[in-house]
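The values are calculated or read from the model by the stated rules, or taken from the named source; none is laboratory data. Because the structure is a prediction, the values reported are computed rather than measured. So basically every Cβ, Gly included, is an ideal-geometry build from the backbone, and we count neighbours across all protein chains shown.
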Amino acid sequence: MKSVLAYSHTIGFLSNEGRGFNNPIDMCIGPDGLLYVLNRAGPEVGIRLPYKRVSVCTSDGEYIREFGTGGIRPGEFWWPSSIDYTASGEIVIADEALDRLSFFTPDGQLTHHFGVSGRDAGQLNRPSYVKFASDGTLYVSDSMNHRVQLFTTEGEYLASWGGIGNLNFPWGLDLLGSDLFVCDWRDDSIKVLDGAGDITATFDSEHTGLYRPSHILATNSGYSIVSDWGNNRVVVLAGSDPVQLLYGQAEDSKWAEDYLQANPQEAEARLSANLLPDLTGRQTARGEPSANVESYFWGPTAIESNDLGDIFIVDSCRHRLQVYREISSSNV
Amino acid sequence: MFRQFGLGNLRAILLELSKDPAMIFWLDNKDNKIGAPNENYGRELLELFSMGIGQYTEEDVQNCARSFTGWSIRNAEYMSRRAERDSIWPYGRLDWQFEYIPQNHDDGVKTFLGQTGRFNGEDILDMICSSPATARFICEKLYRYFVSDAIDERSVDELARVFLKCHGDIRQVLRELFNSDYFKSIHNIRSKVMSPIELVVQTCRLAESHQFPDWTIVLTAMDVNFMGQEILNPPTVEGWHTGSEWIETGSLVERLNASTKEISNSSHPGIRSIIDFVRSYGPTIEPETLVHSCLEAMAVYDMPSKTIETLVEYASKWGNLSFARPDSIPCSEQRVTELLQMIVSTREYQMA
């Protein structure tokens with residue numbers, strides 16, 4: 001194994017409003033360098049609906065603002081699943097309960113939306129991921145229809161790729177040149193599709209060890225970074241070969257430090273606690289270590305990078321982003 | 001814990017329970033130390049989880065507690081602070097781990113259930129699990145859950161003998177129960193009041209209303225809550241009071257409303273199947289045929305004749321159903337769903 005990525009810092013804190021996140025599921029980076037973090041929150045009961053929102057902060061963890069709320073009316077979120085920035089400066093958010101793509105200004109004003117539930121061409125069934133391409137195409141993981149669909153930002157249907165037998169509940173997407181990398185979630189694989197939508201490569205779990213991958217970041221240095229959701233880890237791939245496995249090593253963020261400073265008794269007890277316990281028995285079963293060890297990834301759902309070389313891993317069940325940096329810049 | 005150990009040996013279940021950090025915290029065993037025993041867990045272990053009240057002495061409770069001193073949780077101070085304030089910060093809930101702290105354990109001589117020694121918790125569990133009182137207590141619980149709210153002493157005694165013979169192997173005890181005559185007896189059919197969860201799940205399965213995860217399941221879970229059973233949150237460590245205690249004026253109204261609401265939607269696949277089954281009897285359906293076909297479609301074969309009479313009387317108010325003409329179908333389908341609502345409102349539907 002190599003050391004490709006190194007831990008840098010953590011951004012986050014559990015918060016139902018204001019500074020913090022509540023089950024962040026995806027993020028995007030605006031042209032202003034700000035991070036737009038989409039909070040899934042839940043369950044869908046009245047008092048908790050406002051927790052579903054977009055939190056905006058800097059890459060250093062300075063809180064800026066938030067917008068959005070839960071609901072089913074235009075501009076509201078029910079099961080928000082993915083967020084991206086379009087070339088025209090709009091933010092697009094996919095909602096997999098409402099089968100809807102909604103577009104907002106950077107300060108949260110709804111501009112338009114589209115989406116019809118169904119299985120016909122152009123219809124959606126649980127859109128789990130949205131990726132905006134530089135040519136203006138929107139790629140949408142149409143999960144329960146087992147396909148990726150292409151639209152314009154106005155909602156005009158362009159094409160449908162994959163389908164039953166080719167994809168199996170696809171989730172995260174990334175583009176590198178004309179290649180579309182698809183996290184084929186239920187197939188535990190990464191599929192690469194060419195510009196015509198044909199599958200040209202498959203990185204299967206036998207090679208990669210992936211289990212229910214949620215997202216992939218394809219980098220120019222030749223590595224792919226995959227949030228291996230089912231294994232609660234992040235895998236750095238060179239081709240289909242895993243070269244680094246990351247399990248998370250989050251430290252206290254600035255927001256966490258502020259909380260502990262305001263709660264000295266809890267902070268004092270935390271200092272003398274062993275937060276990296278040895279685990280035995282049931283605690284070592286799949287999924288359990290993440291619940292027991294606070295610094296580990298727990299349900300990593302997305303990965304993004306900025307122009308400064310920061311790699312943000314959305315650590316959903318821990319309400320934070322773990323930030324890494326690439327320490328090896330040589331190409332594979 | 002129950003998924004992994006529930007069909008195993010009772011001793012294994014009680015050992016996992018005694019080491020479960022949630023239980024240790026809830027019943028204060030992290031505060032149970034040499035020289036300062038806390039009897040909370042020791043008492044409840046005997047009273048609620050194994051032997052039942054009246055089967056042990058006060059001295060047994062004290063020595064049981066002493067035996068479990070040192071059975072604690074890791075990072076006890078930090079986890080206690082978090083629990084006191086219900087702190088979920090900075091990064092959400094944090095699971096906790098069992099830790100045995102030998103310096104907190106009282107290794108002195110104790111007498112428990114007539115035996116004397118330097119007992120630790122595991123020794124106590126050995127003695128509990130070989131006690132006839134435990135066999136009786138556990139088997140009565142199983143009988144009440146699977147057979148009837150009304151206990152038949154001879155059947156429970158029979159089951160308790162099996163329990164002791166197989167050293168508390170729950171799978172073997174259940175095998176005995178499920179193969180027994182009393183389990184299959186006609187006198188025990190519909191002899192226990194369904195819990196809210198059982199009632200709601202039965203109705204949802206009948207209607208086939210939740211075939212894939214969707215957000216409306218939250219609303220269904222809230223129905224269960226309104227009926228008096230908040231899922232995974234019993235009111236006390238004793239659990240819920242079951243049987244006829246599920247029924248009181250408020251909860252009964254909730255039970256009826258939730259069931260009739262679920263069954264009234266003819267777009268649910270299960271309801272459509274029932275309607276299609278009724279229609280298979282022909283283009284014109286008499287009220288009596290309507291009632292019997294609905295009961296058959298719902299697999300209700302034991303409805304008392306008096307209740308059937310009442311249902312037929314209700315169905316007769318508007319005469320025969322007709323599916324002969326397209327304009328009569330919606331009305332007839334609605335009458336089918338209305339009858340289904342009547343059926344789920346019967347006393348018998350509340351019983352398992």
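Please go through the range A:227-275 and pick out each residue that is over 13 Å from A:Ser295 (Cβ atoms), within 11 Å of chain B (Cβ to nearest Cβ) and of a type in the set (Gly, Ala, Ser).
A:Ala262, A:Ala267, A:Ala269, A:Ser272
If B:Ile271 passes every condition in (1) outside any loop (DSSP other than H, G, I, E, B); (2) farther than 30 Å from B:Ile217 by Cα but one, which one does it miss?
Failing condition for B:Ile271: (2).
Out of all the residues in the range B:47-69, is one or more of a type in the set (A, V, I, L, M), under 16 Å from B:Lys110 (Cβ atoms) and not assigned by TED's automatic domain parsing to the domain that holds B:Gly239?
Yes.
Which members of the range A:198-245 meet the condition of being among the polar types (S, T, N, Q) and not in a strand (DSSP E or B)?
Across the range A:198-245, the qualifying residues are A:Ser205, A:Thr208, A:Ser214, A:Thr219, A:Asn220, A:Ser221, A:Asn231, A:Asn232, A:Ser240.
Can you name the residue in the range B:1-21 that is assigned to a helix (DSSP H, G or I) and free of Cβ contacts under 8 Å to residues at least 24 places away in the same chain and, of all such residues, is farthest from B:Met127 (Cα to Cα)?
Of everything passing the filter in the range B:1-21, B:Arg3 is farthest from B:Met127 (Cα to Cα).
Could you tell me which of the residues A:Ala133, A:Ala121, A:Ala97 is among the hydrophobic types (A, V, I, L, M, F, W, C) and under 23 Å from A:Pro43 (Cβ atoms)?
After ruling out the rest, the residue left standing is A:Ala97.
Do you know which residues across the range B:300-330 are in a helix (DSSP H, G or I), more than 30 Å from B:Ser191 (Cβ to Cβ) and within 40 Å of the chain's Cα centre (by Cα)?
B:Ser316, B:Pro330
Going by the structure shown, is B:Ile285 surrounded by 14 or more Cβ atoms within 10 Å (Cβ to Cβ) and within 24 Å of the chain's Cα centre (by Cα)?
no
Give me the pairs, please: first residue somewhere in the range B:270-297 and in the same structural domain as B:Glu333 (by TED's automatic domain parsing) and under 18 Å from B:Cys331 (Cβ atoms), second residue anywhere and surrounded by 15 or more Cβ atoms within 10 Å (Cβ to Cβ) and among the charged types (D, E, K, R), beta-carbon distance under 8 Å, and either six or more positions apart or on two chains.
From residues that are in the same structural domain as B:Glu333 (by TED's automatic domain parsing) and under 18 Å from B:Cys331 (Cβ atoms), the pairs are B:Ile275/B:Glu333; B:Ile285/B:Arg279; B:Leu290/B:Arg335.
In the range B:98-112, which residue that is assigned to a loop (DSSP other than H, G, I, E, B) and buried (at least 19 other Cβ atoms within 10 Å of the Cβ) is farthest from the other protein chains (Cβ to nearest Cβ)?
B:Asp106
Taking the residues in the range B:54-78 that are within 14 Å of chain A (Cβ to nearest Cβ) and under 30 Å from the mean Cα position of the chain (by Cα) as candidates, determine which candidate is farthest from A:Cys317 (Cα to Cα).
Among those that are within 14 Å of chain A (Cβ to nearest Cβ) and under 30 Å from the mean Cα position of the chain (by Cα), it is B:Ser72.
If B:Glu47 meets every condition in (1) within 14 Å of another protein chain (Cβ to nearest Cβ); (2) surrounded by 17 or more Cβ atoms within 10 Å (Cβ to Cβ); (3) without any contact (Cβ under 8 Å) to a residue 12 or more places away in the chain apart from one, which number is that one?
(1)
What's the number of the only condition in (1) closer than 25 Å to A:Gly20 by Cα; (2) crowded, with 18+ Cβ neighbours inside 10 Å that A:Val236 fails to meet?
In the conditions (1) closer than 25 Å to A:Gly20 by Cα; (2) crowded, with 18+ Cβ neighbours inside 10 Å, A:Val236 misses (1) alone.
Residue check: is B:Asp152 farther than 24 Å from B:Val344 by Cβ and more than 16 Å from the chain's Cα centre (by Cα)?
It is true that B:Asp152 is farther than 24 Å from B:Val344 by Cβ and more than 16 Å from the chain's Cα centre (by Cα).
Pick from B:Glu245, B:Glu176, B:Glu198: which is assigned by TED's automatic domain parsing to the domain that holds B:Ala297 and surrounded by 14 or more Cβ atoms within 10 Å (Cβ to Cβ)?
Residue meeting the stated conditions: B:Glu198.
Check whether at least one residue in the range A:25-39 is within 12 Å of chain B (Cβ to nearest Cβ), touching a residue at least 40 places away in the same chain (Cβ under 8 Å) and either under 19 Å from A:Asp84 (Cβ atoms) or part of a loop (DSSP other than H, G, I, E, B) (or both), and report yes or no.
No: the range A:25-39 contains no residue that is within 12 Å of chain B (Cβ to nearest Cβ), touching a residue at least 40 places away in the same chain (Cβ under 8 Å) and either under 19 Å from A:Asp84 (Cβ atoms) or part of a loop (DSSP other than H, G, I, E, B) (or both).
Do we find that B:Leu252 is within 20 Å of B:Glu348 (Cβ to Cβ) and surrounded by 17 or more Cβ atoms within 10 Å (Cβ to Cβ) in this structure?
Against the criterion (within 20 Å of B:Glu348 (Cβ to Cβ) and surrounded by 17 or more Cβ atoms within 10 Å (Cβ to Cβ)), B:Leu252 does not qualify.
Testing A:Leu110 on (1) aliphatic (A, V, I, L, M); (2) within 14 Å of another protein chain (Cβ to nearest Cβ); (3) more than 18 Å from B:Thr216 (Cα to Cα), one condition comes back false. Which one is that?
If we test A:Leu110 against (1) aliphatic (A, V, I, L, M); (2) within 14 Å of another protein chain (Cβ to nearest Cβ); (3) more than 18 Å from B:Thr216 (Cα to Cα), just (2) comes out false.
On the given criteria, is B:Arg175 closer than 16 Å to B:Leu142 by Cα, free of Cβ contacts under 8 Å to residues at least 60 places away in the same chain and of a type in the set (Lys, Arg)?
When the stated conditions are applied, B:Arg175 passes them.
Got a sec? Which strands (runs of 3 or more DSSP E) wholly within the range A:92-197 have at least 1 residues that are surrounded by 21 or more Cβ atoms within 10 Å (Cβ to Cβ) and of a type in the set (Ser, Thr, Tyr)?
Here the list reads A:100-104, A:127-132, A:138-142, A:189-193.
Test B:Thr203 against the stated conditions and say whether it is surrounded by 12 or more Cβ atoms within 10 Å (Cβ to Cβ), touching a helix residue (DSSP H, G or I) at 6+ places or on another chain (Cβ under 8 Å), closer than 28 Å to B:Leu14 by Cβ and away from every other protein chain (no Cβ under 14 Å).
No, not satisfied.
Which is at pLDDT 95 or above and at the interface with chain B (Cβ under 7 Å from one of its Cβ atoms), of A:Glu304, A:Glu294?
A:Glu294 is the lone residue from the list that is at pLDDT 95 or above and at the interface with chain B (Cβ under 7 Å from one of its Cβ atoms).
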